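Note sheet for the following structure.
A short reminder: the numbers here are calculations on the coordinates, not readings from a lab. Note that this is a predicted model, so its numbers are computed, not measured. As a convention, Cβ positions derive from the backbone with ideal geometry for all residues, glycine included, and neighbour counts pool all protein chains shown.
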């Protein structure tokens, strides 16, 4: 038996479509887990619903999206193609502030995570409760 990996994007770290050859000229496709590379936007404000786009590979119909923690509800998941998912996150007014891990699950497994930050709005930026500092690393607002 031999394994042949077809890497289409040149990234060895990206799981690739694998074909197993049984020595008799027959090939069988091996399922591949989803890969989640990025999310846009990367942050959202409590008390709002945010449309998000996830980018990666090996997305298939029936994929689900998970967000760690409480207070963030995932809306309808639409698999646009094998590398793009669109959904929405409804962020409750009482949601815990700070980073959340987002992952994609298909019948082939679960992706690694990317970070989505939950914060409160203030003066045109997103803030969390970590010393009044912007969740993305900005300066604190003084005199609120």
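Got a sec? Which residues in region 73-109 would a label at residue 66 touch, if it sits 7 Å along Cα→Cβ and we count backbone N under 16 Å?
Zone members listed by number: 73-75, 100-109.
FRET efficiency for residue 83 and residue 115, Cβ-Cβ distance as r, R0 = 25 Å, nearest 0.05?
After rounding, the FRET efficiency stands at 0.80.
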